[in-house]
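The structure under discussion appears below in the form of C-alpha cells.
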Amino acid sequence: PQVPGDLRALAREDLAARYGAEAPYEQLAKELTVIGDRGQAGYFLALADLVSFARREGIPVGPGRGSAVGSLTAYALGITAIDPVAHRLYFERFLNPERPDLPDIDIDVCSRGRARLIAYLRERHGADRVAHAGVLATLGARGAVREAGRRLGSPREVVDRVAGALPHHGTIDEAVARLPEFQYIDTAREPVRSLLLAARELEGRPWHPSVHAAGVIIAPEPLADLVPLEVAAGGEVITQYSADELEELGLVKIDILGLRNLTVIAAASAEGGIDPERLPLDDPETFRLLASGETIGVFQLDSPGIRNLLRQVRPERMDDLIAVLSLYRPGPFEAGAVAMFTRRRRGIERVTHLHPALAPILDETYGVLLYQEQAMRIAHEVAGMSLADADQLRRSLGKGDASRYRERFLRGCGDRGIPPGIAVQIFGLLERFCGYSFNKAHTAAYALVCYQTAYLKAHAPAPYFAALLAHESGYFGPGVYSGEAERLGVRLLPADVNRSQATYATQGADAIRAGLIQVKDVGPGAVAAILSARAVGPFLGVADFCARVSPRHCRPRTVEALLEAGAFDGLPGAVEGRASREAVVASVKAGRPLAEHRARGQLTLFDLGLALGVAAGPEGAPVANPEPPAHVPTRAPTVAATPHGSAVRLAGPIITARRRSAAGGRIGLTLLLQVGPEQVEVLVPPAIYARDLLAIDPAGITVEGRVQRRGVSMQVVAAAIRSAV
C-alpha cells in the first residue's frame with residue numbers, strides 16, 4: 001500500500017519545523033515506506049490526531065514509552081517528544097521490516113484527562129466503532145478465599161486472617177507450604193480446612209469480564225458487526241475478545257495509559273509558573289539534587305536503592321540520568337556492569353575498548369554495553385549488518401540463541417579489518433551483555449519525566465509536594481512526602497474550613513495546607529457542600545457553619561471530626577475555650593441536633609480553642625493525621641554512613657514490606673523502615689521472618705542487625721525483630 005499523501009506531507013512538514021535545513025528526509029522516507037507497506041498509515045494519523053487534540057485541550061501527554069520513541073515519524077508527528085537522531089535510536093528496534101509485528105505505541109496521558117481522550121475517539125470515529133478492550137479476570141488466591149468464605153458463611157475474622165496471609169501473586173498451595181504466616185494457622189482444623197478446600201476449587205477460574213487497563217479498539221465499521229460486545233460493571237462497552245485476539249483480527253488497538261505523574265507535573269508547573277516542556281535540560285540545581293540522591297518524590301527515583309545509585313553515579317547530564325534508569329535492574333548488578341560503570345564514571349578505572357571501532361558506540365556509557373541500540377549499532381557499524389538484521393541479532397542474543405549469526409558477524413568484522421580474535425571477543429561481549437541490555441528509547445523518554453519532577457522539586461517544592469500529596473502519586477505514602485517537604489522548609493498547615501481546598505494545596509510561597517478530605521470521617525459530599533457554602537464568604541464560627549452547610553451533607557459526626565482536627569481553629573477569636581469546646585464536642589457526640597446547639601448559643605467563636613486530641617497547634621504545625629505514625633527514635637545517628645559489617649540497632653515504623661524468595665525455596669522479607677529522616681532497607685532472612693513474624697508491627701519495630709554493603713546498595717540484615725509500639 002502507498003502512504004497516504006496526508007501522512008507523508010504532514011510528516012515532512014513537521015520534520016522541517018523540528019530540524020530545519022538539516023531535516024533527515026531520507027530516514028523519514030525509509031520509515032514511511034515500511035509503514036505504508038504494512039498498511040499502518042491510518043494508525044499513525046489517528047495517533048497524531050489524538051495527541052494533537054490532547055495538546056489543544058491542555059491534557060498533558062507523556063514524551064513516549066517503549067521502542068516507538070525510536071521512530072522519526074512518531075517524533076515528527078508529535079506522538080513522541082524525544083529526538084531519535086540526537087539519542088541514536090533506531091526505527092528498526094520499533095518496526096523491523098524483516099518481522100511481521102504490528103506497531104505498538106503506548107500513549108501516557110494525565111490520569112484525569114484519559115476519559116476525555118476516549119470520549120474524543122468516540123466523537124471522531126463514531127461511538128459504535130470504538131470500545132474498550134475486554135479482559136477476563138480470574139480469581140487469585142486472596143479472591144478465591146474471600147469468595148469461598150462468602151459462599152460457605154465462614155466467620156469473617158477467619159476469612160480475613162487467611163486471605164491476609166496470602167500473597168498477591170502465587171497459589172494457595174505454594175503459600176501454605178512456604179509462608180511463615182501459616183505456621184500460626186492450623187489448616188487441618190475447621191473452619192480453615194473447608195475454607196481452603198473450597199478456595200482451591202475456585203482459584204484460577206474465570207470470574208468476570210473487566211476493562212483492559214489501557215487498550216481502546218477502533219474499527220472501520222460498527223464493532224458489533226465484527227466482535228461480540230458487552231457492557232462492563234462500570235457501564236463501559238467492552239469487547240468479549242482479548243486484546244491479543246483483537247490484534248490477530250487486524251483491529252487497531254491504541255493503548256492510552258493514565259499516568260498520575262503527568263497530572264502532578266501539570267498541577268505543580270501551573271502553580272509554580274513553570275513550563276515543563278521548555279525546561280533547560282542542563283540546570284545545575286536539578287543535577288545537584290539528582291547527584292545528592294535526595295530524590296524522595298521524584299518519578300522513578302524514589303526507592304533507597306536507586307537513590308544510592310544516584311549518589312554513586314552523580315549524574316551531570318541527561319545521558320547520565322538515562323544510564324541510571326537502565327542500570328537499576330538485577331541483570332546489570334549481577335553482571336558487574338553497575339560497578340564497572342560507576343568506577344569508570346568517577347575516574348577510578350580507565351575506560352577501555354576491545355577495538356577502537358567500539359569507542360564511538362560505547363563512550364557514552366564508559367565502555368559498558370548497556371543499551372540494545374548499542375548492540376544493534378555494533379552489528380551495523382562494526383560487522384556491516386543491516387539495521388534490520390542487527391535487530392534480529394539483538395533479539396536472538398537476548399534469548400541466548402545467536403549461533404546462526406556468529407559466522408556472518410565474524411565475517412563482516414573481518415571485511416572491515418578487525419582481527420579474527422578481536423571479532424570473537426566482540427561477539428562474546430554481545431552475548432554476555434545482551435541478556436540484560438535495555439531499550440534506550442524507553443529510558444530516554446522516562447528520564448525526561450524524571451528530570452521534570454526533579455526540576456520541580458528543586459525549584460518549586462511547595463507546589464510540587466502539594467500536587468504529589470493531592471494526587472497520591474509516588475513510591476511511598478503521604479507521611480514520607482510530607483516529611484520530605486518539611487525537610488526542604490515547606491510548612492505543613494492543618495485543615496481549615498475557611499482556607500483548605502478539597503485536598504492538599506499551596507498556601508503562600510512556602511506552605512501546604514491539608515485539604516478537607518484529609519480529615520477522617522469527612523467525605524466528598526461534605527467537602528463539596530462546605531466549599532459551595534464558603535463560596536459566598538468565609539465562615540464566622542461553628543454556628544454560622546452549621547447554618548450555611550446543608551445538614552444532609554454535614555452530619556454531627558462530620559462537625560465533630562472537623563472540631564477534633566482543628567479545622568475551626570483559624571476562625572476569628574478562636575484562641576481559648578478548650579473546656580467549652582470539649583463540652584460542644586461531647587454534646588455533638590451525644591447526638592443533640594445541630595439546631596439545638598445553635599439555639600442555645602453553644603457554638604460560638606469563643607468555643608473554638610486548640611484541637612482536641614491532635615497537635616494541630618498554630619500555623620505551621622503538622623497536619624492532624626500524619627502517615628505513617630510518629631517516628632520511633634533510632635539509636636544510630638545516621639545509618640547511611642555506618643561502615644559495612646557494623647552492628648546496629650534501629651527503630652521506626654514500616655513504610656513498605658514485600659516478600660522475597662530466598663535459597664532453598666524459602667521466603668524472606670524486605671522492609672523499608674523510617675529511621676529518623678532516613679529510609680533504611682532491612683533484609684529479614686527466612687529464619688528471622690519465621691521466628692519474629694508476630695513482632696512485625698507496621699506501626700513500629702526495633703531491628704538488631706548488621707550493615708551490609710554491596711556496590712552501591714546498603715541494607716541492614718536483621719538478626720532480631722521486636723515490636724516498638
Extending each Cα 7 Å along its Cβ direction at residue 404 and residue 98, get the distance between those two points in nm, one decimal.
-> 1.0 nm
Can you tell me the FRET efficiency between residue 351 and residue 709 if r is taken as the Cβ-Cβ distance and R0 is 22 Å, rounded to the nearest 0.05?
-> 0.30
Of 30/457; 30/399; 253/399; 253/457, those spanning more than 31 Å from alpha-carbon to alpha-carbon = 30/457; 253/457
For the chain, build the charge dipole from Cβ charges (+1 Lys, Arg; -1 Asp, Glu) around the Cα centre, then report which of 328, 717, 194 sits farthest towards its positive end.
-> 717
Mean separation of Cα contacts under 8 Å (at least 6 apart) over the residue count of the stretch 32-110, i.e. the relative contact order in percent, is 32 percent
Roughly speaking, what is the stretch gain from residue 197 to residue 647, that is 0.36 nm per residue apart minus the C-alpha to C-alpha distance, in nm to one decimal?
-> 157.4 nm
Anchor residue 520: lysines whose Cα lies under 24 Å away (excluding residues fewer than 8 positions away in-chain) = 589
Out of these labelled values of Cα extents along the principal axes in Å, (1) 90, 64, 53; (2) 97, 63, 60; (3) 97, 80, 37, which was calculated from the coordinates shown here?
-> (2)
Which of the listed residues, 59, 78, 47, is farthest toward the dipole's positive end in the stretch 15-106, when Lys, Arg count +1 and Asp, Glu count -1 at the beta-carbon?
-> 59
According to a simple spin-label model (label point 7 Å from Cα along Cα-to-Cβ), what is the distance in nm between residue 6 and residue 656?
-> 4.5 nm
Solvent-accessible area of residue 407 with every protein chain in place, 1.4 Å probe, in Å² to the nearest 10 = 120 Å²
What is the magnitude of the charge dipole of the chain about its Cα centre, with +1 placed on the Cβ of each Lys and Arg, -1 on the Cβ of each Asp and Glu, and no other charges, expressed in debye to the nearest 20?
-> 1760 debye
Of 19, 241, ordered by accessible area with the largest first and a 1.4 Å probe, the sequence is 241, 19
So how much slack lies between residue 127 and residue 547, counting 0.36 nm per residue of separation and subtracting their Cα-Cα distance, in nm?
-> 146.6 nm
Shape category assigned to the stretch 529-571 from the gyration tensor of Cα positions, a/c cut at 1.5 | oblate
How long is the gain from residue 22 to residue 425 if the chain were fully straight, where each residue apart is worth 0.36 nm and the alpha carbon distance is subtracted?
-> 141.3 nm
Tally Lys and Arg at +1 and Asp and Glu at -1 over the other residues with C-beta under 13 Å from the C-beta of residue 198: what net charge comes out?
-> +2
Net charge near residue 717, counting Lys/Arg +1 and Asp/Glu -1 over other residues with Cβ under 12 Å of its Cβ?
-> +1
Before rounding to the nearest 500, sum -39500 (n - 2.57) across all DSSP H runs of length at least 4 in the chain and divide by the residue total; then give [θ] at 222 nm in deg cm²/dmol.
-> -12500 deg cm²/dmol
Could you state the orientation-averaged shadow area of the convex hull built on the Cα atoms of the stretch 323-418, in nm² to one decimal?
-> 6.3 nm²
Quick one: dipole size for the stretch 33-97, taken about the Cα centre, charges +1 on Lys/Arg Cβ and -1 on Asp/Glu Cβ, in debye to the nearest 20.
-> 120 debye
Which shape class applies to the stretch 197-332: rounded if a/c is under 1.5, otherwise prolate when a/b exceeds b/c and oblate if not, where a ≥ b ≥ c are the square roots of the Cα gyration tensor eigenvalues?
-> prolate
Per-peptide average of other Cβ atoms within 10 Å, ordering 303-309, 671-677, 418-424 highest first = 671-677, 303-309, 418-424
Please work out the FRET efficiency for the pair residue 249 and residue 275, using the Cβ-Cβ distance as r and a Förster radius of 51 Å; give the result to the nearest 0.05.
-> 0.75
Can you pull the one-decimal nm distance between simple spin-label points at residue 136 and residue 343, each 7 Å off the Cα toward Cβ?
-> 5.4 nm
Note down the net charge around residue 70, summing +1 for each Lys or Arg and -1 for each Asp or Glu among other residues with Cβ under 15 Å from its Cβ.
-> +1
Magnitude of the Cβ-charge dipole of the stretch 189-316, K/R +1 and D/E -1, about the Cα centre, nearest 20 debye?
-> 800 debye
3J(HN,Hα) from dihedral phi, the stretch 76-92, Karplus parametrisation 6.51/-1.76/1.60, rounded to Hz, x for glycine, proline | 4, 7, x, 5, 10, 10, 10, 5, x, 6, 5, 9, 6, 9, 10, 4, 5
Mind listing the phi-derived Karplus ³J(HN,Hα) values for the stretch 527-540, rounded to whole Hz, using 6.51, -1.76 and 1.60 with θ = phi - 60°, and x for any glycine or proline?
-> 4, 4, 5, 5, 5, 5, 5, 6, 4, 8, x, x, 6, 9
Protein chains only, probe 1.4 Å: how do 49, 363 rank by accessible area, largest first?
-> 363, 49
Could you sort 132, 459, 644 by accessible area so the largest value comes first, with the probe set to 1.4 Å?
-> 644, 459, 132
For the chain, the charge dipole (Cβ of Lys, Arg +1; Cβ of Asp, Glu -1; about the Cα centre) points to a positive end, and the Cα of 220, 158, 265 closest to that extreme belongs to 158
Rounded to whole Å and sorted largest first, what semi-axes of the equivalent ellipsoid does the C-alpha gyration tensor of the stretch 671-715 yield via the square root of 5 times each eigenvalue?
-> 19, 15, 7
Which residues in the stretch 252-293 have a backbone N closer than 17 Å to a point placed 7 Å from the Cα of residue 509 along the Cα-to-Cβ line?
-> 271-274
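The values are calculated or read from the model by the stated rules, or taken from the named source; none is laboratory data. This one's a predicted model, so the numbers in the text were calculated from it and none came from an experiment. Heads up, the Cβs are rebuilt from the backbone with ideal geometry, glycines too, and the neighbour counts pull from every protein chain shown. When the accessible area is computed, the model is the full protein with side chains, heavy atoms only, and any ligands, DNA or RNA have been set aside. Shrake-Rupley method; radii C 1.70, N 1.55, O 1.52, S 1.80 Å.
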